[in-house]
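This report refers to the structure that appears directly beneath it.
The values are calculated or read from the model by the stated rules, or taken from the named source; none is laboratory data. These numbers were taken from a predicted model, which means no experiment stands behind them. Glycine gets a Cβ as well: all are built from the backbone with ideal geometry, and neighbour counts include every protein chain shown.
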Amino acid sequence: MPRSIITACGALAFGVLLALASLHLNFPMGWIGALALVTWTAWAWRRWATLEKTTGLEPGAPERNVRFYAVGTALLFGHLIATLAYPDIDFHVGHGNYLAIDSWTILATMIVVSFAVSKAGNIRDERDETIIARGTKAGFVSLIAGLVIFSFVMAFFPPVQGKSLTLFMAGNIQIAIVVASLLIKYATQLIEYAKDTNAASAIGPDE
Amino acid sequence: MTTLQIGNNIRRFRFDQAEMTQAQLAEIVGVTRQTIVALETGRYAPSLELAMKLAAAFGCTVDALFFWKDPEFGRADAQSHINKDS
């Protein structure tokens, strides 16, 4: 499994942990998520700068951007899905643990950092365009599938509305489906980039 | 993408041209260095436009730069057509 995918899975698990931790800690966990995202980005960019000078195995600018968005989206998705899975966690703004604000904090940080990230270079070539097209296709198909399944369940097997399922929650489930499709798009792109790169012969002649 | 039948001599041409680096070649043809890596390792087949740019950068033909890995590819088909026509 590509290392970039493992990192995204780690971010997803961290997002879940943040949401669960908010049950016990009276602290806005979104700030911890935001700090973790900024720290990872700074560390990754420094590491890639070192790789560029030493081995030449650093990812290109478009791949770096995809890695950043994959990690940020995974963190957000983990936080969102754990919040939706535990009805005890109050998701409403202005009540309980302010988890919606936590989600917005992570999203806002992701948007701010993305400006700095995109400044590092965003030149795409034909290979990047092909990979983006494959990712977009996977994301689109998963989005349609998710929404069709959700609509089917709501139409033919409607769950009983109550504390665990309100219209507010149903709306958030749709948002989770959209975020999941974005995550699938980025994961597909990362897998395609990993397939294209043979670390063993990135630099230096064979003959 | 991982089982391409198209091979290339980019690495050899690059070193024949005063040991041109991957970054230099990437700049000349207008792609990222990672794309040159993917091409040299046979993981990516370029568009015709990029193939012609690469050939122009080395001052050779596309034929000299790219080749089919399977020398028998298409020959059986072509032979059957020739036999049919005659």
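Among A:Ala34, A:Ala21, A:Ala42, A:Ala11, which is touching a helix residue (DSSP H, G or I) at 6+ places or on another chain (Cβ under 7 Å), of a type in the set (A, V, I, L, M, F, W, C) and surrounded by fewer than 15 Cβ atoms within 10 Å (Cβ to Cβ)? Every option except A:Ala21 fails the conditions. Would you confirm whether any residue within the stretch B:1-12 is at pLDDT 90 or above and within 7 Å of another protein chain (Cβ to nearest Cβ)? Yes: the stretch B:1-12 contains one or more residues that are at pLDDT 90 or above and within 7 Å of another protein chain (Cβ to nearest Cβ).
Note on the stretch A:53-87: residues that are aliphatic (A, V, I, L, M), surrounded by fewer than 21 Cβ atoms within 10 Å (Cβ to Cβ) and more than 11 Å from chain B (Cβ to nearest Cβ) total 3.
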